[in-house]
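In what follows, a single structure is set out as structure tokens and then discussed.
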Amino acid sequence: MTRNTGGAFGPDYFKKYYFNAATRVTTSAEMRGRARLIAALLQHANVPVRSILDAGCGIGLMRKPFAEVLPRARYAGLEASDYLCKRYGWLKGSVVDFAPRSSADLVVCYDVLQYLEDRAAARAIVNFAKLSHGALYVSALTREDWRANCDQSRTDRSVHLRPGDWYRRRLRRHFNYLGFGVWLRKDATAILWDLERP
């Protein structure tokens with residue numbers, strides 16, 4: 001794996017974990033299913049999505065699936081990797097301190113937070129409340145996932161493994177959990193029946 005001194009990831013990392021079928025950590029089909037699930041949950045809760053910020057979008061595996069299920073939503077990819085910004089034209093920045101002119105209806109942060117040290121990860125979670133005025137989808141490799149859920153032979157070990165509760169405690173300050181990694185801002189209007197609430 002090759003990373004530059006700025007902490008961004010280089011071509012070797014993406015070749016191993018995204019482009020090589022024998023070692024990749026996810027597939028286009030998995031990401032398509034994830035986008036459909038997120039869109040269905042938000043549609044069911046009557047949360048409109050007209051803009052999406054994919055924070056740490058990588059090679060953009062969520063872009064096409066979101067275009068299929070949320071065709072009216074504008075998609076923006078945010079990346080810290082110089083390599084990916086040059087290759088795909090993403091916005092350059094970090095989820096820790098990115099400050100766009102306007103917030104998005106939906107912010108997606110998939111498998112980014114585990115690469116940040118505790119302080120930076122905590123700042124990123126606080127920033128989510130500024131980046132999203134509606135919903136947030138967040139996924140991060142936790143200590144529990146490392147032990148019980150992931151394929152360790154295909155998963156990057158150069159991460160900060162924290163308990164899931166470390167993330168949940170911080171997310172709950174600004175968001176209510178909807179399910180399957182989807183969080184709603186506490187001031188967002190959503191329609192949920194009593195037994196649908198987590």
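Of all residues being closer than 16 Å to HIS174 by Cα and in contact (Cβ under 8 Å) with a residue 40 or more places away in the chain in region 104-123, which is surrounded by the fewest Cβ atoms within 10 Å (Cβ to Cβ)? Just the residue, please. Give the derivation first.
Here is the first cut: in region 104-123, the residues closer than 16 Å to HIS174 by Cα are 104-109, 121-123.
Of the ones still in play, those that are also in contact (Cβ under 8 Å) with a residue 40 or more places away in the chain are 104-109, 121-122.
Values: ALA104: 24, ASP105: 20, LEU106: 27, VAL107: 28, VAL108: 28, CYS109: 25, ALA121: 21, ALA122: 17.
If we take residues in region 104-123 being closer than 16 Å to HIS174 by Cα and in contact (Cβ under 8 Å) with a residue 40 or more places away in the chain, then ALA122 is surrounded by the fewest Cβ atoms within 10 Å (Cβ to Cβ).
Can you find a residue in region 63-82 that is more than 30 Å from ALA190 (Cβ to Cβ) and either surrounded by fewer than 15 Cβ atoms within 10 Å (Cβ to Cβ) or modelled with pLDDT of 95 or more (or both)?
At the first step, the residues of region 63-82 found to be more than 30 Å from ALA190 (Cβ to Cβ) are 80-82.
Subset that is either surrounded by fewer than 15 Cβ atoms within 10 Å (Cβ to Cβ) or modelled with pLDDT of 95 or more (or both): 82.
Checked against the condition, which is being more than 30 Å from ALA190 (Cβ to Cβ) and either surrounded by fewer than 15 Cβ atoms within 10 Å (Cβ to Cβ) or modelled with pLDDT of 95 or more (or both), region 63-82 yields at least one hit.
Is one or more of the residues making up region 47-59 surrounded by fewer than 23 Cβ atoms within 10 Å (Cβ to Cβ), of a type in the set (Val, Ile, Thr) and touching a Gly at 6+ places or on another chain (Cβ under 9 Å)?
The answer is yes, given that some residue of region 47-59 is surrounded by fewer than 23 Cβ atoms within 10 Å (Cβ to Cβ), of a type in the set (Val, Ile, Thr) and touching a Gly at 6+ places or on another chain (Cβ under 9 Å).
State which residue pairs qualify: first residue assigned to a loop (DSSP other than H, G, I, E, B) and inside region 64-88, second residue among the hydrophobic types (A, V, I, L, M, F, W, C) and surrounded by fewer than 17 Cβ atoms within 10 Å (Cβ to Cβ) in any location, beta carbons under 6 Å apart, and separation of 6 or more residues or different chains.
none
The values are calculated or read from the model by the stated rules, or taken from the named source; none is laboratory data. This is a predicted model, so every value here is computed, not measured. Note that we place each Cβ from the backbone using ideal geometry, even for glycine, and neighbour counts take in every protein chain shown.
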